[in-house]
Amino acid sequence: MTIQAKRPQNRSAVRARPAVDLRLIATGTLAIGLALWGVASLAQDSDDNVITAHGYSYFGNLDYPADYSHFDFVNPDAPKGGKLVLGATGTFDSLNPYSRKGRPGALTTLQYDQLIESTEDSVGQYYCILCESIEYPESRDWVIFHMREDATFWDGSPVTAEDVIYSHKLFVTQGLPSYAQAVGRMIDSVEALDTYTVKFTFNSELTKRSRIETVGSTPVFSKAWFEADLENRRLDEPRLEVAMGSGPYKLDSFDVNRRIVYKRNPDYWGKDRPYNVGRYNYDTIQVEYFADQTASFEAFKAGAYTFKVESDPKQWATAYDFPKAQQGIVKLEEIPDGSPPNPTGFVFNLAKPQFADKGVREAIALAFNFEWSNESLLHGLYTTRSSFVEGTHVEAKAKPEGAELEFLKSLGDVVPDDLLAEDVWTMHVSDPSDSLPSRRTRREAMGLLQEAGWTVGQDGLARNDKGETLKVNMLIPSNIESSVEGMHDIFVQNLRQIGVDASFEKVDPSQYTLRRRERDYDILYSTRYGSFLSTGGGLTQMYGSAEAEFSLFNPAGLASPLVDAIIDASFVAESQDDTDVALMALDRALRYEFFVIPTGYIADSWVAYFDMYEHPETIPPYDLGYLSFWWVNPEKAAALKAKGHLD
C-alpha cells in the first residue's frame, strides 16, 4: 500500500504520531546542534549519580526546560476543528498496526500514547507524555518512570504501571521478532513500584545506548481490554478491532478497502499538556482508499480528498495544472526537508546465491543509469546519492583519515585493507542522453561478471560453469508510482545488455506484502533502510547480523562482521564527537558492503492541498508535521464549501 499522506518515500517518513517506530528506535535519523540550558538535574546516590528529568537524551541535553509551555515550532493558538482528508492506494484487512500478518489500515497508530516521545526539531531528545518525570543512574542500568495520575484511556480508566508492563510484555512475546528479541535481551526485569511508578532494569552486559528511549517509546495499551478476550485480542494477529488507547484520536468508522475515519477525542486527557499544545487540531482525520495512483490523483482533483504529499516527480512536474490548482483552490508548496535523505534504492537479497560475489552486485549496479532516469522519468528533480547519510557531517569522504582512520584501525583484522586504502564507494555517472549503458560501461560490467565466473555467450546471456543463466527478478506492487515502474523497465533492459537474464514482476499489494515479508524476491525497490545521525538499537535491526535472517527492516539480509563491529563500538562512544566518528565509519562500511543501488532523492516535501490548511511560519527541520501541528482555517473552509468545492 502506498500511503499518499506520507512524506515522499525517498526522504525520511513523516512521524504521523507513529507508535514508536519499533523498527527504527534510536537510529538517530535527525540532526541538530546540542543546546545545554535544559540539562537534567542531578541527585546524589550512594552508588551512582541519579538523574531526574522531564525528558531524556543520552548526553543529558534537553533544549526545552522543565517548565516549557509549548514547543517553539507550534502555533499555541491554532484553532481546533475541521477535517483532514488523505488518500491511500491499495487495500487493508486489519486495524492492528503491530501484527506480523495482514495489511494494516493507515494511521492506526494515532490512537496510542507513549511514556516519552521525540520532537521534530531535535536529535535524540525525548519529553514526557504519560510520565511526569524520569529517574535513572548515569550507568543507565535501570530507569523509573513516574507516571501522570490524570492520564486515562478512552473509557475513563486510568493508565497505570500495570498497563505499561503488560504492553511491554505484549511486544516482547507477540511483537515483530527483530524487535522482540532485541528488547528481550536488553531488559532483565520490569516491575510496578506502585500504581503510577514503573521500573525497568536492564542487562548491564549489553550497551546502555537505546535502553531508556526504547522502553519509554513503546505504545501503551489497556491491559483490561486485552485480558477481556485473550483468544481474539493478540498483538501478532490482524483484527478489525482497535485496542483501547489513550491517544488524541480514536477510530470512528471504517469501510474495508474504502475508508477509515478517526475523530479527535474531546476528552483527551493530555490536550493541555505542554508537549501537545498546538497539536492535534483537526476534529476528523479521514483516509480514502483507491485502487491505484491514477484513480487516486483523479479523486484528489475532484475533491474526494483534500491534502496530498506528492511522491511522483512526473506528476509533480506535469499534472498540477488542473483548474482548481490554476484558480488557487488547490495550493502547492515545496517545503524544505532538513533530515538526511532516506537510503532508498534497489536492494539485493543477499541470500540469493547469484549475489554472493560483490563483483556481480557491482556489475548489476553499472546497468542502472540514474542520470537518464532522472532527466527522462523524474524530470530532473532528483539528486544523485551515494551515502547512507548524504550531505551530513558524518558522510564518509575519500579515504579514511584522522580520527576515523584511527577508529577503524582500532577494530583490528575485521577491517579489510582495501577499505582503509581506497576511496569510499560513490555512485557511477552515466550518460543522461542515452538510456542504454555505454560501451565502456558494458565492458566494465561484463568484466566484473567474468571475474565472478559468469561468461557472456553468443546468445548474449551470462552463464556460470553449470550453464545456468544469471537470473534476476525484481518485485514491485501494482500501485507503485509510474516513474518508479519506469525505472524498473529501463533497468531490466539495460541488464539484458550486459548479459543478465533480468525481468520485473508486478503483483497486487497484498501479494507484494506477503512476498516482501518472506523475502521472495531477488531485488526489491525498498525504503526500509534508514539514515542515522545517532547510534542505538535500531541500527542493529536494520544493519546488524543478529536479526538479519528475519528482520523486516533489513530486506537485504545484510550480515557483516565489519558492520557489527562498528555498530558495537558506536554504542560505547563517550562523546558526540566519538559517536560521529563511528557513524562516519559505518557509512563507509555500508557502502563497502554494497547491498543497495541508490536511486537518488529530493530535497523538499511536495505538498498540494485545498487552500484551507495552514501551518506555522517555520516548519521544524525533521518533520513536515501536517498530521500534528497544521490546522484548518475555518473562514477559508467555509468559503470553499460555499462555492461547492467541499462536501
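The values are calculated or read from the model by the stated rules, or taken from the named source; none is laboratory data. As the structure is a computational prediction, the values presented were derived from the model and not from experiment. No Cβ is skipped: glycine too gets one built from the backbone with ideal geometry, and neighbour counts run over all protein chains shown. Note: accessible area is taken over every heavy atom of the protein model, side chains too, but ligands, DNA and RNA are not part of it. Shrake-Rupley method; radii C 1.70, N 1.55, O 1.52, S 1.80 Å.
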- [ ] Hey, could you grab the Kirkwood Rh for the range 482-522? Inverse mean 1/r over distinct alpha carbon pairs, Å, one decimal.
- [x] 11.4
Task: Check: the chain dipole with +1 on Lys, Arg Cβ and -1 on Asp, Glu Cβ, in debye - done: 2000
Open item on the list: I want to make sure I understand the PRE zone here: with the label point 7 angstrom from the Cα of GLU241 toward its beta carbon, which residues in the range 252-281 have backbone N atoms less than 17 Å away?
Closed with: 252-254
TODO: With no solvent and one equal point scatterer placed on each C-alpha of the range 312-437, evaluate the Debye formula and give log10 I(q)/I(0) for q = 0.09, 0.10, 0.21, 0.22 Å⁻¹, two decimals.
DONE: -0.43, -0.52, -1.36, -1.38
Task: Prolate/oblate/rounded call for the range 193-233, Cα gyration tensor, a/c under 1.5 rounded - done: prolate
Task: Distant-in-sequence amide H partners of VAL456 (H built 1.01 Å from N, under 5 Å) - done: ARG463
Open item on the list: For a protection proxy built on the mean count of beta-carbon atoms within 10 angstrom, sort 311-324, 117-130, 200-213 highest first, please.
Closed with: 117-130, 200-213, 311-324
TODO: Measure of size requested: the Rg and Dmax of the range 476-596, with Cα atoms as the atom set and Å as the unit; please supply both.
DONE: 17.1, 51
- [ ] Determine the gain in length on full extension of the stretch ASP93-ASP459; use 0.36 nm per residue of separation and subtract their C-alpha separation, reporting nm with one decimal.
- [x] 127.1 nm
Task: Alpha-carbon centroids, the range 488-563 and the range 438-465: separation in whole Å - done: 24
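Rounded to a whole number, what % of the accessible area of the range 331-441 do carbon and sulfur atoms account for, probe 1.4 Å?
Numbers: 2470 of 5120 Å².
Carbon-and-sulfur percentage of accessible area, whole number: 48.
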Task: Rounded percent of accessible protein surface that carbon and sulfur make up, the range 200-252, 1.4 Å probe - done: 41
Open item on the list: At a 10 angstrom cut-off on C-beta neighbours, averaged per residue, how do the peptides 597-604, 495-502 rank from highest to lowest?
Closed with: 495-502, 597-604
- [ ] Evaluate the relative contact order of the chain (contact order divided by residue number), counting alpha-carbon pairs under 8 angstrom at least 6 apart; express in whole percent.
- [x] 22
TODO: Please work out the Kirkwood hydrodynamic radius for the range 238-385, using every pair of different C-alpha atoms, and report it in angstroms with one decimal place.
DONE: 20.2
- [ ] Working from the alpha-carbon coordinates of the range 315-378, get Rg over Rh, Rh being the Kirkwood radius.
- [x] 1.20
TODO: Distance between Cα centroids, the range 238-302 to the range 323-350: provide it in whole Å.
DONE: 22
- [ ] Mind checking the per residue accessible area of the range 564-647 for me, 1.4 Å probe, whole number of Å²?
- [x] 34
Task: Overall dimensions of the range 53-141 by Cα: Rg and Dmax, Å - done: 17.6, 47
- [ ] Quick one: grab Rg to one decimal and Dmax as a whole number for the chain, Cα atoms only, in Å.
- [x] 24.9, 79
Task: Dipole of the chain, positive direction: furthest Cα of PRO432, LEU586, ALA299, with charges on the beta-carbon - done: ALA299
TODO: Counting residues in the range 145-278 as N, plug N into 2.2 N^0.38 Å and put the Cα Rg over that result.
DONE: 1.14
- [ ] Run a plain Debye calculation on the range 87-205 (Cα atoms as equal point scatterers, no solvent) and give log10 I(q)/I(0) at q = 0.10 Å⁻¹, rounded to two decimals, same order as the q list.
- [x] -0.38
Open item on the list: Which one, ASN494, GLN541, SER482, is farthest towards the positive end of the dipole of the range 449-555 when Lys and Arg carry +1 and Asp and Glu -1 on their Cβ?
Closed with: GLN541
Task: Gain in span if fully extended, ASN257 to ALA319, counting 0.36 nm per residue against the direct Cα distance - done: 19.7 nm
Task: Percent accessible area from carbon and sulfur atoms, the range 443-539, protein chains only, probe 1.4 Å - done: 43
- [ ] Report the dimensions of the range 284-347 along its three principal axes from the alpha-carbon atoms, largest first, rounded to Å.
- [x] 37, 28, 26
TODO: Leaving out ligands and nucleic acids, note down the accessible area per residue over the range 438-530 with a 1.4 angstrom probe, in whole Å².
DONE: 47
Task: Above-threshold pairs, the threshold being 21 Å between Cα atoms, out of LYS208/LYS397; LYS352/LYS466; LYS80/LYS250; LYS308/LYS506 - done: LYS208/LYS397; LYS308/LYS506
Open item on the list: If you wrap a convex hull around the alpha carbons of the range 402-540, what volume per residue comes out, as a whole number of Å³?
Closed with: 205
Task: Full-stretch length increase - THR195, GLN576 - with 0.36 nm per residue and alpha-carbon distance subtracted - done: 133.5 nm
